[in-house]
């Protein structure tokens, strides 16, 4: 395992991050404990969850899994705050001082830990001034409850604004960002990656398989009817309809020969590609089963050559997208469009 620096922090993290979103929803506690144990045994030392994942259940399972194997101090444990944690209280969501501090304490309890290594704002909110959120996060760092702070879904100008605010007010600054990124959605290459490289942000992109499209299970012949056991069988889900485009399926079919040439699956090729791109620290994987975890781990030794990169660029040019993983242009739109 070749570890990488997490931005400017000096922390060394694995080239893959174990995402725990499925724990408590699609993955049972027992299977989750096995996945955590196997991932850490393979060298993965960064785990990412969020308070909103199954309304706290993912954090509970993640914390219990780490306690069972006694490896809490060997991992970088990350969680996030923003999503609604109650249906009957309008203040149980967002990135206000009240919600951030309240949910940090709740996350610490669920994770069975005294500190969170990386505490992240899950979404920006245009109605909340960034200094309000930063002051709350800075208080948590100074109290020893949080070690580092980061973001998810923040656009470049918002991150630069946060750096200016932190400097002006002498507050701890954000050190990481979580954007969507895959071969099929390369929009962050336009602006976010250069910004992160310039200002020392670690990038922890999620969705390297583009919501399952880069598993190779879907072809142009299935553009209107996905396999009955797949997530895309739910035709009422607007996100699925938005992603399952013919342009994306055509790109997938063009990518399959690149994986075949290396005698690996398309999922392994796509994961290795995301790991190898400039500016990327550690893509977040979200295995639902141990078999899926093994597929991700198989990507670790795969070498992506310049020839491979040129072939990918010919299918999906740098900075472009062929599937609308999220509706708006990630490099341009304002934070008000990032809501649960």
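The values are calculated or read from the model by the stated rules, or taken from the named source; none is laboratory data. Nothing here was measured: the structure is a model prediction, and the numbers come from that model. A quick note on method: Cβ atoms are made from the backbone with ideal geometry, for glycine too, and the neighbour counts reach across all protein chains shown.
Among the residues of the range 65-73, are any at negative phi, in contact with a strand residue (DSSP E or B) (Cβ under 9 Å, 6 or more places away or on another chain) and touching a residue at least 60 places away in the same chain (Cβ under 8 Å)?
No, the conditions are met nowhere in the range 65-73.
Name the residues in the range 184-204 that are buried (at least 20 other Cβ atoms within 10 Å of the Cβ), more than 15 Å from the chain's Cα centre (by Cα) and either at positive phi or in a loop (DSSP other than H, G, I, E, B) (or both), would you?
184
Check whether at least one residue in the range 204-221 is modelled with pLDDT of 95 or more and over 18 Å from residue 322 (Cα atoms), and report yes or no.
yes
For the range 95-113, what are the residues that are part of a loop (DSSP other than H, G, I, E, B) and surrounded by fewer than 22 Cβ atoms within 10 Å (Cβ to Cβ)? If you could, list the steps in order and put the result at the bottom.
Pass one, the range 95-113, residues part of a loop (DSSP other than H, G, I, E, B): 95-96, 112-113.
96, 112, 113 - these are the residues of the range 95-113 that are part of a loop (DSSP other than H, G, I, E, B) and surrounded by fewer than 22 Cβ atoms within 10 Å (Cβ to Cβ).
Answer yes if at least one residue in the range 282-290 is assigned to a strand (DSSP E or B) and under 19 Å from the mean Cα position of the chain (by Cα), and no otherwise.
Yes.
Please determine whether any residue of the range 159-178 is in a loop (DSSP other than H, G, I, E, B) and within 15 Å of the chain's Cα centre (by Cα). If you could, list the steps in order and put the result at the bottom.
The first filter runs over the range 159-178 and keeps only residues in a loop (DSSP other than H, G, I, E, B), leaving 170-173.
From what is left, the residues that are within 15 Å of the chain's Cα centre (by Cα) are none.
Looking for residues that are in a loop (DSSP other than H, G, I, E, B) and within 15 Å of the chain's Cα centre (by Cα), one finds none in the range 159-178, hence no.
So residue 325 passes all but one of these: (1) within 20 Å of the chain's Cα centre (by Cα); (2) farther than 27 Å from residue 28 by Cα; (3) outside any helix (DSSP H, G or I); (4) at pLDDT below 95. Which condition number does it fail?
Failing condition for residue 325: (2).
Quick one: would you say residue 278 is within 23 Å of residue 194 (Cα to Cα), assigned to a loop (DSSP other than H, G, I, E, B) and modelled with pLDDT of 95 or more?
On the way: within 23 Å of residue 194 (Cα to Cα): yes; assigned to a loop (DSSP other than H, G, I, E, B): yes; modelled with pLDDT of 95 or more: yes.
So residue 278 fits the description; yes.
Can you name every residue in the range 135-157 that is in contact with a helix residue (DSSP H, G or I) (Cβ under 6 Å, 6 or more places away or on another chain), part of a helix (DSSP H, G or I) and within 23 Å of residue 91 (Cβ to Cβ)?
136, 140
Can you tell me which condition residue 148 does not meet? The list is (1) closer than 18 Å to residue 106 by Cα; (2) crowded, with 20+ Cβ neighbours inside 10 Å; (3) more than 20 Å from the chain's Cα centre (by Cα), and all the others hold.
(3)
Filter the range 12-56 down to the residues that are closer than 18 Å to residue 111 by Cβ, out of contact with any helix residue (DSSP H, G or I) (no Cβ under 6 Å at 6 or more places or on another chain) and assigned to a loop (DSSP other than H, G, I, E, B) and list them by number.
22, 44, 45, 50, 52
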